[in-house]
1. Out of region 112-129, which residues are at pLDDT 80 or above and over 15 Å from residue 158 (Cα atoms)?
2. Which numbered condition in (1) closer than 20 Å to residue 27 by Cβ; (2) at pLDDT 90 or above; (3) surrounded by 23 or more Cβ atoms within 10 Å (Cβ to Cβ) is the only one that residue 143 fails?
3. Among the residues of region 227-247, is there at least one that is more than 19 Å from residue 114 (Cβ to Cβ) and surrounded by fewer than 18 Cβ atoms within 10 Å (Cβ to Cβ)?
4. What do you reckon, is residue 258 at pLDDT below 90 and on the phi > 0 side of the Ramachandran plot?
5. Just for helices (runs of 4 or more DSSP H) wholly inside region 1-83: which have at least 3 residues that are touching a residue at least 12 places away in the same chain (Cβ under 8 Å)?
6. Give me a count of the residues in region 86-99 that are at pLDDT 75 or above and either buried (at least 17 other Cβ atoms within 10 Å of the Cβ) or over 26 Å from residue 182 (Cβ atoms) (or both).
7. Is it the case that some residue within region 10-24 is modelled with pLDDT of 85 or more, in contact with a helix residue (DSSP H, G or I) (Cβ under 7 Å, 6 or more places away or on another chain) and surrounded by fewer than 19 Cβ atoms within 10 Å (Cβ to Cβ)?
């Protein structure tokens with residue numbers, strides 16, 4: 001992986017991680033086009049640079065992270081379903097990660113849903129709450145487990161989960177960002193541990209690429225988060241729906257054209 005490739009992947013990660021468009025699907029297309037999708041370091045890199053995105057959430061919402069313990073308790077409650085189900089069904093999830101067409105189909109299905117989501121939750125936006133209770137946090141956590149199906153998008157699942165729990169769009173999106181911190185931190189730590197347990201070690205150049213990738217992902221994610229909240233409150237989900245449908249169709253075209261695509 002070159003420096004230019006690491007920067008491009010980090011930009012894709014920063015842009016898509018917190019948007020309801022599936023960062024996995026975008027990583028598939030980007031890394032496959034560059035011809036580095038099957039490299040073990042690439043697979044680790046794309047997860048490890050999530051740390052930069054995590055830090056962007058903490059920086060942007062630092063007051064929320066230093067106000068009360070209740071905030072952390074709710075995040076723990078919401079994180080538990082993904083931790084348990086991810087542990088119990090790890091092999092099945094890995095099997096799904098070999099199915100590129102699954103990403104394409106779920107992108108399209110999610111995109112169609114997004115075309116109607118604003119109408120479905122119109123009353124929720126007008127009367128929605130700004131903070132989840134513990135029970136609602138847990139329910140949002142169960143929605144997050146749906147994102148274990150590649151292409152669903154973790155942010156899409158948790159935002160919709162928040163809307164079903166009567167949160168307004170801004171509150172649902174922000175809680176999705178907050179929940180990403182423990183979820184993505186756990187995923188990053190697990191991927192790095194697995195990398196070492198499989199006998200790999202980072203070289204000096206690879207460490208440099210990881211540093212660059214995390215810095216770029218951090219900056220881009222900050223911009224994406226701030227822009228997303230503003231765009232979502234003004235325009236809703238439909239444009240993300242159109243985008244997901246187009247992305248899914250592109251992946252299917254690439255697959256049926258014989259292009260080798262590997263899920264990271």
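The values are calculated or read from the model by the stated rules, or taken from the named source; none is laboratory data. Because the structure is a prediction, the values reported are computed rather than measured. No Cβ is skipped: glycine too gets one built from the backbone with ideal geometry, and neighbour counts run over all protein chains shown.
1. 112, 115, 116, 118, 119, 120, 122, 129, listed by residue number.
2. Only one criterion in (1) closer than 20 Å to residue 27 by Cβ; (2) at pLDDT 90 or above; (3) surrounded by 23 or more Cβ atoms within 10 Å (Cβ to Cβ) is unmet by residue 143, namely (1).
3. So far as region 227-247 goes, no, none of its residues is more than 19 Å from residue 114 (Cβ to Cβ) and surrounded by fewer than 18 Cβ atoms within 10 Å (Cβ to Cβ).
4. Taking the combined requirement at face value, the residue satisfies it.
5. 3-16, 23-34, 40-48, 50-60
6. 1
7. yes
Results for (1) closer than 16 Å to residue 80 by Cβ; (2) modelled with pLDDT of 85 or more, shown as yes or no for each residue.
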position: 159; (1), (2): no, yes
position: 167; (1), (2): no, yes
position: 170; (1), (2): no, yes
position: 177; (1), (2): no, yes
position: 183; (1), (2): yes, yes
position: 194; (1), (2): no, no
position: 208; (1), (2): no, yes
position: 212; (1), (2): no, yes
